[in-house]
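Inspection log for the structure reproduced underneath, given as structure tokens.
Just so it is clear, none of the values below were taken in a lab; they were calculated from the coordinates. Computed from a predicted model, the values in this text were never measured in an experiment. In this analysis, Cβ positions are derived from the backbone assuming ideal geometry, glycine residues included, and neighbour counts consider all displayed protein chains.
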Amino acid sequence: MAQRVKRLCVVYHSAYGHTARVAQAIVDGANEVADVDASLVSVEHMDHYKWELLDQADLLVFGSPTYMGSVTGQFKLFMDATSSRWMARAWSGKLAAGFANSGGLSGDKLSVLQQINLFAMQHGMLWSGLPLMSQGHAPSDLNRLASFLGLMTQSDNLPVAQTPPDGDMATARWFGQHLAQLMHRFY
Ligand SMILES: Cc1cc2nc3c(=O)[nH]c(=O)nc-3n(C[C@H](O)[C@H](O)[C@H](O)COP(=O)(O)O)c2cc1C
């Protein structure tokens, strides 16, 4: 029997494009898995169509750049705009995951992942981390920043085509694939 197509949606903010590139890599990785439909939603200019995509998704992946050790103001506006869904328990039982990009190697990205995790818990969602052992700390290595709560990537102050490095981009695709497979296992 054919299995139902599962929907994953990556919800992100990106001022200069680096976090957007990571978001796209998660979507690309997820779409490599059969019977998965993964899409991208920027938190800017949310409209009825975008909210519908989020409401229909089986799994939401939330991502933000790190600003002053926190999610960006734009991402926080999005979080606050979900309060009617929080009240209605609309996303309760959905799978959730998170990612954070920053300029610093640490950059206090953990704080961003913790904020996003707590946000998902407020919604009653079911959290998936990044179950991938670090393969080393070079720019080409998978999970070089050794993060398990969610995906961490780091970008230099360079054009988007050059940074984050290959290992971070490959980790993002791995994360997308993993989350897609998780939807099939879970639902
Ligand atoms: C206002 C502001 C605050 C920032 N704060 C941090 C920070 O706390 N830690 C860090 O490592 N990078 C910090 N950065 C760098 C950003 O995290 C980095 O430029 C961003 O992740 C790039 O993503 P984007 O191209 O998707 O906007 C900051 C940048 C700005 C503009």
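Does segment 107-182 come out rounded, prolate or oblate by the C-alpha gyration tensor, with a ≥ b ≥ c the root eigenvalues, rounded set by a/c under 1.5 and, if not, prolate when a/b is larger than b/c and oblate if not?
Prolate.
Could you work out the relative contact order of segment 6-186, using alpha carbon pairs under 8 angstrom and six or more residues apart, expressed as a whole percent?
Reported relative contact order: 26 percent.
What 222 nm value per residue comes from the helices of the chain, counting each DSSP H run with n ≥ 4 as -39,500 (n - 2.57) and dividing by all residues, nearest 500 deg cm²/dmol?
Rounded to the nearest 500, the figure is -12000 deg cm²/dmol.
Whole angstrom only: what separates the Cα centroid of segment 42-91 from the Cα centroid of segment 108-182?
Distance between centres, Cα-based: 18 Å.
Roughly what % of DSSP beta bridges within the chain run antiparallel, to the nearest 5?
About 5 percent, rounded to the nearest 5.
Check cross-link reach from Lys94 to the aspartates and glutamates: straight Cα distance under 15 Å, and skip same-chain residues fewer than eight apart.
Within the straight-line limit of under 15 Å, Lys94 reaches these aspartates and glutamates: Glu52, Asp55, Asp58.
For the chain, what class follows from the C-alpha gyration tensor (a ≥ b ≥ c being the square roots of its eigenvalues): rounded when a/c is under 1.5, otherwise prolate if a/b is larger than b/c, else oblate?
oblate
Order these peptides, 27-34, 43-50, 55-62, by their mean beta-carbon neighbour count within 10 angstrom, highest first.
Most protected by this proxy first, the peptides run 55-62, 27-34, 43-50.
Taking 0.36 nm per residue of sequence separation and subtracting the Cα-Cα distance, how much length would be gained by fully extending the chain between Tyr49 and Gln162, in nm to one decimal?
37.4 nm
With label points built 7 Å along Cα→Cβ from the Cα atoms of Leu40 and Ser70, find their separation and express it in nm.
Here the modelled spin labels are 2.7 nm apart.
Along the Cα→Cβ direction, 7 angstrom out, place labels at Gln135 and Ala88. What is the inter-label distance in nm?
Placing both labels 7 Å along Cα→Cβ, they lie 4.3 nm apart.
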